Amino acid sequence: MARTAYCKRCGKEVDAGEICPFCGTRLGKNAAHAAWCVERTPVKDWMYWNSIMRLLLPGTLAILVLVLLPEWISGGIGAVERLLSSAFPAVLGILLLAVLAMLLLILLAQGRELSDFVVDNRGIQETRYLPDPTPLKLLLRLKSPKLPEAGASQVVRLGERRIAWKDVSRVQLWPEKCMVLFYAPSWWLRIPVVCTPFTWQDTMEYIREKLGKKKKVKLPQSLTVQAPAAARHRKAEAPVWEEPEAEQTVMEALPEAEEVPETPEETESSGSEPLT
């Protein structure tokens, strides 16, 4: 299990619980968390390319519109058709491929880095580190090329991203890659969390606990907290008002009397004389 707690008095990670097993200090509500670290290579990581494409493609579209719009205003649709039938689209495509090739070389030269993820009661946090930094690797990440002082830890903190549970509007699962995508708003990816097989279940429990009951958050079916079965059963079997049936009359309720044939004695006592 990756869920642990941080004891401020001991200054170290301890087993999750209400009390520190070493010093007996009461742990706060936000002390429990799931924390892990993964190694990532930007040139092989699709999420790095995803963040690049989300900026590169809209930028290319904006350039195309800025070129076509004056042509349409000045010469109409005919001018636009002539521009598109010229070498302009080919030149724009070559420039786009050149930019992609340059980005490929940059990501390749950046080398590997470390991502430290923390999921707790407050939200999700990612902190990126660069091990064995060099001036070139720092420059390619748009950081100062100044290296740590001699004797210091050879790890440079690159930055962090954080999102609170209240800001999450959509969650998407990528189980085959052990990845969870958090969106805020629902159309913009904020943090892609790369889990491990040992931290996947803990992350799912946090998401289900914090977001499973919120109707406004788009969640996979597996993370939605359903109403208790007994409550759903009572709701389904709620009594429905029905009009009472008309009561039967007394005569309808009574069984019909059977006819009994008359006996000869009863015929004579009736006083009727036989016809002659």
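The values are calculated or read from the model by the stated rules, or taken from the named source; none is laboratory data. Predicted model, so just to flag it, every value in this text is computed and none were measured. For neighbour counting, all protein chains shown are included, and Cβ atoms are generated from backbone atoms with ideal geometry for every residue, glycine included.
Based on what the data block shows, is residue 49 in contact with a Cys (Cβ under 9 Å, 6 or more places away or on another chain), modelled with pLDDT of 75 or more and surrounded by 11 or more Cβ atoms within 10 Å (Cβ to Cβ)? The answer is no for residue 49. If we keep just the residues of region 1-46 that are surrounded by 17 or more Cβ atoms within 10 Å (Cβ to Cβ) and hydroxyl-bearing (Ser, Thr, Tyr), which is modelled with the lowest pLDDT? Within region 1-46, the match that is modelled with the lowest pLDDT is 6. Number of residues in region 162-203 that are under 17 Å from residue 128 (Cα atoms) and not in a strand (DSSP E or B): the value is 2.
Condition check: not assigned by TED's automatic domain parsing to the domain that holds residue 199 and not in a helix (DSSP H, G or I). Does residue 74 satisfy that? So residue 74 fails the test.
Can you report the number of residues in region 136-161 which are assigned to a strand (DSSP E or B) and either β-branched (Val, Ile, Thr) or over 20 Å from the mean Cα position of the chain (by Cα) (or both)?
Of the residues in region 136-161, 6 are assigned to a strand (DSSP E or B) and either β-branched (Val, Ile, Thr) or over 20 Å from the mean Cα position of the chain (by Cα) (or both).
When 172, 201 are checked against the criterion of being under 11 Å from the mean Cα position of the chain (by Cα) and in the same structural domain as residue 128 (by TED's automatic domain parsing), 172 stands alone in meeting it.
Can residue 79 be described as free of Cβ contacts under 8 Å to residues at least 12 places away in the same chain, exposed (fewer than 12 other Cβ atoms within 10 Å of the Cβ) and in a helix (DSSP H, G or I)? Against the criterion (free of Cβ contacts under 8 Å to residues at least 12 places away in the same chain, exposed (fewer than 12 other Cβ atoms within 10 Å of the Cβ) and in a helix (DSSP H, G or I)), residue 79 does not qualify.
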